[in-house]
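Heads up, the thing below is written out as structure tokens.
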Ligand SMILES: Nc1ncnc2c1ncn2[C@@H]1O[C@H](COP(=O)(O)OP(=O)(O)OP(=O)(O)O)[C@@H](O)[C@H]1O
Ligand SMILES: [Mg+2]
């Protein structure tokens, strides 16, 4: 065998005996990621689910019925008709029944079309909770598609019949006027625009959180592994200090650096992504929609971020117990944390509420989903969801911390990965 | 009161039986040596007493505190120097001593005293202001020894304290250990394979081989019993020529 191959063999043996590395580079990509991919696909399919539209017909003519028929035959749209005497009453009923998409055909709808004037349909999308309006935006798109088809049909008819009147009204007889109901207020902005604005505002969040979690996790696992590598761990563990103090001290030290890094990233990312998506493109601001961040919301958000970070830190430290050196610590941490952060990317595109229950609860179980959800809940003023997140993360972090500290009181830390060593 | 009590101590690492039921006692203020060939189980014994490892069987106590059940109590009384140890590379030597002194000292005054002693014991002088990453192996060892002794524990557990030190430094550390035992009443448990060092240093020694204690006594007693000139000869006649050749080749 040539020297080259002798060296290659040694390298392979050394690397392949590292269990963390095997797990990180073979098991995770081979098994975990395909499973995650499958899950995300189901998520996307489900996000395209049926649009449920509540319809109030205040019109008495034939064109109102025509529109209803068109909506009924449209794919992916199911229609429920309710009775109301006025728009206000219709909205109130919809509010009470928790309908999120309402189409109102006003009085004189048919007459306007008959008289070759512009007829108007009102579309209301109610954005609630932490969905960010993605579902309403999809629904709005579907309703608009139906209207486009109907408009074309009516325009052809009118042109064939040589109708005279406002050319605008002949070419596009029906206008859709879209409103968004948000935080109990009606604003004359289409749900799609509002959704766009909300998601663009919270788009950077998953990326920042992802980077930050990986960063602090690597850091804390690295600092543990460094203690092993530099042979300082044994001394550290015999100092007259409680083990939990050692764990907590390491974590807080890393968390401080982590928070500084997070702030740096957030500022940097805001400027970077800000140049890609700005509220100027949409023409409205969050403030105009009544979506302002209150001190309470901001405080809760920071708390949730902090707790997620504490969880990541102690989880990484627990993983590092099984790593012998910094190299394998990095692999073990990536293998352990990445699968927990990737699924949260679904939240960038899909509305939690429309996902299948299993996926929804899976996502909710992942601690790193909560900062992303919280960033939206903060805008929407959904403090109860934020409190729930904080409590969940708090419990989880404390549990993780205790488990990690528990491992520090056993000899696992020293013997977990040590190889048989014989000198002389 | 007994400083250390070890009874039928056993330790398995998976299939490897590192300790097969050893027993010994150390009196307060005594310098006790654990000697034996490579892989005999010296470091394992010391790690158990330093609360780092959990024994598989038997028990061990430090000043009446069980090392498993009362780890926190034991750690308040001991100072442990691992066989292979490092210090935080990015710290300066003096910062390392300060860090350790802060953890042990209860008052500002005792902190100052501790630090002063540490600086003196290390013998590193101005080099204490350099980063530890620039130290030689022996310099790091001296720093670690200084930190282990400056805290003046009730029991110092030193795993091959003089390993990597030159003759002069090894000599001076032996003098320090003796002085600390006589003047401050500190108990020492020291492991070594250097028989002459042990003979010079220890009040009593235990010979350990393949996880078992084969002989225990004062160097004088052992020499008389085996009609040997020094401990090295005692060691050879007990453990036997064949294995000894294996060991020291
Ligand atoms: N972490 C470990 N995992 C498995 N076996 C171990 C481990 N540490 C020690 N051993 C085994 O336990 C036995 C005793 O080892 P120990 O380190 O106590 O010997 P020692 O007397 O200190 O030797 P040396 O003089 O070489 O330092 C050896 O057979 C060794 O291979
Ligand atoms: Mg040893």
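Quick look at the values:
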read-out	value
Potential lengthening between residue A:395 and residue A:266 on full extension [0.36 nm per residue; Cα-Cα distance subtracted]	43.8 nm
Angle between chain A longest axis and helix A:295-320 axis [Cα atoms, degrees, rounded to 10]	40
Cα-based convex hull volume of the stretch A:60-136 per residue, rounded to whole Å³	106
Contour minus Cα-Cα distance for residue A:11 and residue A:30 (0.36 nm per residue)	4.6 nm
Candidates B:28, B:112, B:83: whichever shows maximal mean-square fluctuation once chain B is modelled as a Gaussian network with Cα springs under 10 Å	B:112
Using a Förster distance of 22 Å, the FRET efficiency for residue B:233-residue B:38 (Cβ separation, nearest 0.05)	0.70
Relative contact order (percent, whole number), the stretch B:109-209, Cα cutoff 8 Å, 6+ residue spacing	25
Size of the stretch A:284-383 as Cα extents on the principal axes (Å, biggest first)	54, 32, 21
Size of the protein assembly as shown as Cα extents on the principal axes (Å, biggest first)	131, 62, 44
Two-site label geometry, residue A:86 and residue A:327: point separation in nm, points 7 Å out along Cα→Cβ	7.7
Tilt relative to chain B, helix B:167-184 - C-alpha long axis, 0 to 90 degrees, to 10	90
Proxy reagent accessibility, fewest Cβ within 10 Å first, across B:232, B:183, A:227	B:183, B:232, A:227
Space enclosed by the convex hull of the alpha-carbon atoms of the stretch A:110-236, per residue, Å³	137
GNM flexibility winner over chain A from A:160, A:92, A:38 (Cα, springs under 10 Å)	A:160
Modelled label reach - residue A:153, point 7 Å along Cα→Cβ, the stretch A:67-98 residues with backbone N closer than 20 Å	A:67-81
Approximate shape of the stretch B:1-80 as ellipsoid semi-axes (Cα gyration tensor, √5λ), whole Å, largest first	20, 15, 11
Relative contact order of chain B, pairs being alpha-carbon contacts under 8 Å that are 6 or more residues apart, as %	25
Fraction of alpha-carbon pairs over 31 Å apart in chain B - percent	24
Helix A:87-97 axis, angle to chain A major axis (alpha carbon atoms, nearest 10°)	30
Cα centroid separation, the stretch B:54-96 to the stretch A:128-201 (Å)	73
Residue order, fewest to most surrounding Cβ atoms within 10 angstrom, among A:51, A:254, A:294	A:294, A:51, A:254
Per-pair calculated FRET efficiency, R0 = 45 Å: residue A:357 and residue A:107 via Cβ, rounded to 0.05	0.60
Share of alpha-carbon pairs per 5 Å distance bin for the stretch B:106-249, given as whole %	2, 8, 16, 18, 17, 14, 10, 7, 5, 2, 1, 0
Average silhouette area of the stretch B:152-235, convex hull of alpha-carbon atoms, in square nanometres	6.0
Percentage relative contact order, chain A, counting C-alpha pairs under 8 Å, at least six apart	19
For the stretch A:58-185, share of DSSP beta bridges that run antiparallel, in % to the nearest 5	35
Top of A:389, A:86, A:328 by mean-square fluctuation, Gaussian network on chain A, Cα under 10 Å	A:86
Paramagnetic reach from residue B:1 in the stretch B:31-62 [backbone N under 19 Å; point 7 Å along Cα→Cβ]	B:31-32, B:49-51, B:60-62
FRET E, pair residue A:160, residue A:97, Förster distance 51 Å, beta-carbon r, rounded to 0.05	0.80
Antiparallel %, DSSP beta bridges [both residues in chain A], to 5	25
Shape box of the stretch B:93-143 [Cα atoms, principal axes, largest first, Å]	33, 16, 16
Whole-Å semi-axes of the ellipsoid equivalent to the stretch B:47-180 (Cα gyration tensor, √5λ, descending)	26, 17, 14
Chain A - mean residue ellipticity at 222 nm from DSSP helices (-39,500 (n - 2.57) per run, n ≥ 4, rounded to 500)	-21000 deg cm²/dmol
Kirkwood-based shape ratio for the stretch A:95-185, expressed as Rg/Rh from alpha carbons	1.08
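We did not get these values from a lab; they are worked out from the coordinates using the rules stated. Since this is a predicted model, take the numbers as computed values, not measurements. Using ideal geometry, Cβ is built from the backbone for each residue, glycine included, and neighbour counts are taken over all protein chains shown.
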